[in-house]
Each structure stands twice: as structure tokens, then as C-alpha cells.
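Q: Take a look at this one; I'll ask things after.
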Amino acid sequence: MNAEVVAVGSELLTPAHIDTNSLFITERLNELGIELQGKSVAADDRATLKAIVADALRRSDLLVLTGGLGPTDDDLTRDVVADLIGRPLEYHPEIFEGIEKRFAARGLKTPEINRRQAMVPRGAVILPNRNGTAPGLWIEHEQKLIVLLPGPPRELKPMLESVIQERLAHTVGATRIFRRLLRVTGRSESYVEEQMQPLYARWLAAPVKITTTSLASLGQIELHLTALAATVDEGRRALDAAVDETRRVLGKDLFSVNGETMQEVIGELCRSRGLRMAAAESCTGGLVMARLTEVPGSSDYVDRGVVVYSNQSKIDLLGVPAEMVAAHGAVSEPVAEAMATGMARIAGSDLALGVTGIAGPSGGTPAKPVGMVVIAAAWVRQGACETRVRTFHFVGGREMVRFQASQAALDMIRRWVTDTNP
């Protein structure tokens, strides 16, 4: 079975409101093995809504509409669906009586316009709404299923759960959808695609078919793996095998196999090795530490961080030699290395980062353009301080450069610790 969701409401087409209902509906339908092949947002306009619903019904076995079930003139969902499938609206007095009781419980008189909510397409099953006045509707039409749900999430969610338990669960097959989110860093999307293509072809032909969607985002590539399987064990085994194959192909570039963020991966590495971290940041302005400390329990491995934005602060707080800054400039490998070692010395931490660069939009030169960031890592082991340093050239605006720099800094630590025996 495949499905589409149509969210109804002109307010959802403005910057002030976001359609969150579709995400919840998608998650719950996927758990039943129902794949969504489309989502739409329709304005409160009869012709627009009718065209969208008609197209969706031609493509999909199941259509879920949310919103537009209220009592006002712009609540058109009932009317449009009834007209489209050729069923007259019939008045159900028991619905209006229930609405009257809700109003009476608050000492209010029921407005006459609420009678519109008691109009139901002929043959539709009424879905009770325990949290509002708008009942939902279940309609079976020419081998299609149409479900109308109220827009407010506190009304929609329990109603959808009831629909799933009492109706949908009995109509779908045994196949379920299982997903895994993988994250890759340090490579371009085209590189990842080229390396993974042979696996994609094999997975599509496997007994448990796995489809993959790739998504390029700041500092990483996401691989969304989807398996169709009859049981949880079967789905998990297929995805586990796919992850193992991906790891063999992409190696250390694959940093997350269950949707973990880079900062979560770093945290688990440090916690498992008993390592503590510190960071001295210039162009990232504390972003590295902000990402590390957004993980609950990060006090187990995060020691401290400083923002050393000016040249003088690097000299005063970290002990970076003034003559080094004068000779090489603040954005240089010697200075980044001195920032990392100085931070490690001051904090007494095992690991320390030094990040310096030009985030833009101004401040760049031909020799040191905007987007140039130098990152150094220091690791104090057995009384000795080892360092690694690398110069990066990131693209994009200021925030993009800053995030990519924080990602590369954390990844430098990840690769180093991962490559080293405990």
C-alpha cells in the first residue's frame, strides 16, 4: 500500500506556520509498511483542494487529509471530498448533540455554524474526536481509502492511533519498513555516490530490498537506507549487513551508522577511552564547545574552552609567541598548533583543539581568502604532546564556514582517536 498526505490550510503556506502533522503521519504509516509517495499543502480554496485531492487519489491507495474540518466557511475538506467522490453530505444529529455537550460543559451555547461539522459524506464511518468538536472520517471508495483528520495535533494524534489500531493494521500486508541513517564526512556527494553505486545495485536485487537516498548537508553526506521486510529481525539483519558493506567501502569517512551526530560520536569515543577535551577557538567563536556540550552527560569528557578572537588574546591566554603571530599571521599552521598545545597545557586535558580562520564575508586576502581555516589538534600522552595540523578551504557564507570548521575540527579528533589503539 502507498499513501499521500494533504495538509489543508492557507496558514500552512505562510512563514508563520509549519506542517508538523505530516511528519507524525509519515512515521506512523511507515511503521505499518505504508510508503508515502507524496505530500501536499493546499490552501483553503475549493478548486485548488479539489485538484490536489483528485491527483492524489489517482496515484495512491490511501489518502490522508488533515485540517479543514472546522465549522467556518473556509473549512472545505468535507465538502470537497464529498463532491469529488460523488456522495451527498448527510446530517448526523448525534454529532451535533456531542458538540452541544462539549459547549454546555463550559457553560456556553453552541453556535449554529457548528452544525456543519455534523455533515458527513454518505457511507463514511465517523471517527470520534475526544479532544475537539471536529469528527474524523473514514471513507472507502473504489478500492481507495480516504481518511479525514482534524488539524490540531492534540486531536489528530489520538485519532490516527485509533485508525491504525482498529482499521489500517488489518488492511495492510505483513511487510514493514525499516530505516537506518548513515553519515559520512570528509568526502563530496559525488565521491560517495561513485563508491556506493555497486552496493546500491546489489541491495535492490537482494531478497530484502534496500533503497537508498543520499542528502548533502553542511560538513557531511547523509545516506538514508530503507528496507522492506516481513519481520523486525529480517529487517535489522539486512540493514546491519548493508552497514558493514558500507563501512568496508567508505572506511573512516563513515562516522555514524545509527543517526548519531558528530558530537555524539566524539562523546562516546572520549568516554570509552577516558579522555578529556578542551578547545581554543577563534573564527568558530565557541561553536565547537557548544556542539560538544549540547550532548547530555558531556561533563564526563569536556573540560573547558576559550574564545581567543583577537591576536592579543591568543598571546595572553594561550601563550602563543607574539613573534610567531607577527611572522606567520593569526591564520597559520604554527599559530593553530600553538593554540592547541597552549590549551592542552592550561587545561591539563588529554585532547585539545586550536581553530583559527577567516569566516568572512570580509577579512580575506589573495594569500588567505575567506573560508581558509587552520585546525590543529594536540594529544598529551605519556608526558609528551603530539600534534596534528591541517589547512582547510571552505565555501559558503559565514555561518557555513563556521559550521564546516567545527565539523572538521571534531572529525580530526575522531579520526586520530579511532586510529589509535586504546
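The values are calculated or read from the model by the stated rules, or taken from the named source; none is laboratory data. Model, not experiment: these values are computed from the prediction. All Cβ positions, glycine included, derive from the backbone under ideal geometry; neighbour counts span all protein chains shown. Each accessible area value is taken on the protein alone, full model and side chains, heavy atoms only, with ligands, DNA and RNA left out. Shrake-Rupley method; radii C 1.70, N 1.55, O 1.52, S 1.80 Å.
Q: Hey, if we sort Ile346, Ile210 by accessible area with the 1.4 Å probe, largest down, what's the order? Mind showing how you got there, number by number?
A: Details: Ile346 75, Ile210 10 Å².
The residues order as Ile346, Ile210, largest area first.
Q: To continue, here is another question. What order do Cys385, Cys270 take when sorted by accessible area (1.4 Å probe), most exposed first?
A: Numbers: Cys385 65, Cys270 5 Å².
The residues order as Cys385, Cys270, largest area first.
Q: Output wanted: per-residue J couplings in Hz (rounded whole) for segment 67-73, from phi through Karplus 6.51 cos²θ - 1.76 cosθ + 1.60, θ = phi - 60°, x for Gly and Pro.
A: x, x, 10, x, x, 8, 5
Q: If you don't mind, another one. Would you mind computing, in nm to one decimal, how far apart the modelled labels at Ile177 and Asp74 are, each placed 7 Å from Cα along Cα→Cβ?
A: Using points 7 Å along Cα→Cβ, the separation is 3.1 nm.
Q: Collect residues whose amide H, placed 1.01 Å from N in the peptide plane, falls under 5 Å from the amide H of Phe392; neighbours closer than 5 in sequence don't count.
A: Amide H to amide H, under 5 Å and 5 or more residues apart or across chains, Phe392 pairs with Val373, Val374, Ile375.
Q: Right, another one. Work out how much length Glu189 to Asp83 would gain on full extension: take 0.36 nm times their residue separation and subtract the Cα-Cα distance, in nm to one decimal.
A: That works out to 33.5 nm of additional length.
Q: How large a share of the accessible area of the chain, in percent, is made up of carbon and sulfur atoms when the probe is 1.4 Å and the other protein chains stay in place? Please list the in-between numbers first.
A: Details: 10360 of 19720 Å².
For the chain, the apolar C and S fraction of the accessible surface comes to 53 percent.
Q: Separate question: Sequence-distant or interchain residues sharing an amide H contact under 5 Å with Asn2, placed H: which?
A: Asp61, Leu62
Q: What distance in nm lies between label points placed 7 Å from Cα along the C-beta direction at Glu294 and Ala384?
A: 3.7
Q: Here's something else I'd like to know. What distance in nm separates the simple spin-label points at Met119 and Thr14, each placed 7 Å from Cα in the Cβ direction?
A: Here the answer is 2.5 nm between the modelled labels.
Q: OK, next. Viscosity 0.890 mPa s, temperature 25 °C: give me the Stokes-Einstein translational D for segment 185-251 in µm²/s, with Rh taken as the Kirkwood radius over C-alpha pairs.
A: 197
Q: Using only protein heavy atoms and a 1.4 Å probe, report how much of Tyr200 is accessible, in Å² to the nearest 10.
A: 30
Q: Can you give me the solvent accessible area of Ser299 with a 1.4 Å probe, rounded to the nearest 10 Å²?
A: Number for this one is 90 Å².
Q: Give me the net charge of Ile85's neighbourhood, meaning all other residues with Cβ under 12 Å from the Cβ of Ile85; Lys, Arg count +1, Asp, Glu -1.
A: Counting the neighbours of Ile85, the net charge comes to +1.
Q: Kindly give the semi-axes, whole Å and largest first, of the ellipsoid equivalent to the chain, taking each as the square root of 5 times a Cα gyration tensor eigenvalue.
A: 55, 26, 19
Q: What is the set of long-range amide H partners of Gly136 at a cut-off below 5 Å, with H atoms built 1.01 Å from backbone N?
A: Leu127, Asn129
Q: Something else about it: Distance between Cα centroids, segment 171-209 to segment 14-79: provide it in whole Å.
A: First find each Cα centre; the distance between them is then 28 Å.
Q: Once you list every other residue whose beta carbon is under 14 Å from the beta carbon of Ala47, what net charge do they have if Lys and Arg are +1 and Asp and Glu are -1?
A: -4
Q: Which GluC sites (Glu not before Pro) in segment 66-167 pass both tests, a DSSP loop state and at most 13 other beta-carbon atoms within 10 Å?
A: Values: sites: Glu90, Glu94, Glu97, Glu100, Glu112, Glu140, Glu142, Glu155, Glu161, Glu166; in loops: Glu142.
For GluC sites (Glu not before Pro) across segment 66-167 that sit outside H, G, I, E and B with at most 13 neighbouring Cβ atoms in 10 Å, the list reads Glu142.
Q: For segment 223-233, just list the computed ³J(HN,Hα) in residue order, Karplus coefficients 6.51, -1.76 and 1.60, θ = phi - 60°, integers in Hz, with x standing in for Gly and Pro.
A: Values per residue, Gly and Pro as x: 10, 9, 9, 10, 10, 10, 9, 7, 9, 4, 4 Hz.
Q: Taking every pair of alpha-carbon atoms in segment 1-109, give the share separated by more than 25 Å as a whole percent.
A: 33
Q: Tell me the Rg and the Dmax, in Å, that the Cα atoms of segment 28-181 produce.
A: According to the Cα coordinates of segment 28-181, Rg and Dmax are 16.1, 52 Å.
Q: Assuming R0 = 22 Å, can you tell me the calculated FRET efficiency for the pair Tyr309 and Arg345, based on Cβ-Cβ distance, to the nearest 0.05?
A: 0.65
Q: For the chain, what is the mean residue ellipticity at 222 nm derived from helices alone (per DSSP H run of n ≥ 4: -39500 (n - 2.57); sum divided by total residues; nearest 500 deg cm²/dmol)? Before the final figure, lay out the partial values.
A: Numbers: 13 runs with 164 residues, N = 422.
Calculated at 222 nm, the ellipticity per residue is -12000 deg cm²/dmol.
Q: Hey, another quick one. For segment 261-395, what's the radius of gyration and Dmax over Cα atoms, in angstrom?
A: When restricted to Cα atoms, segment 261-395 yields Rg and Dmax of 14.6, 44 Å.
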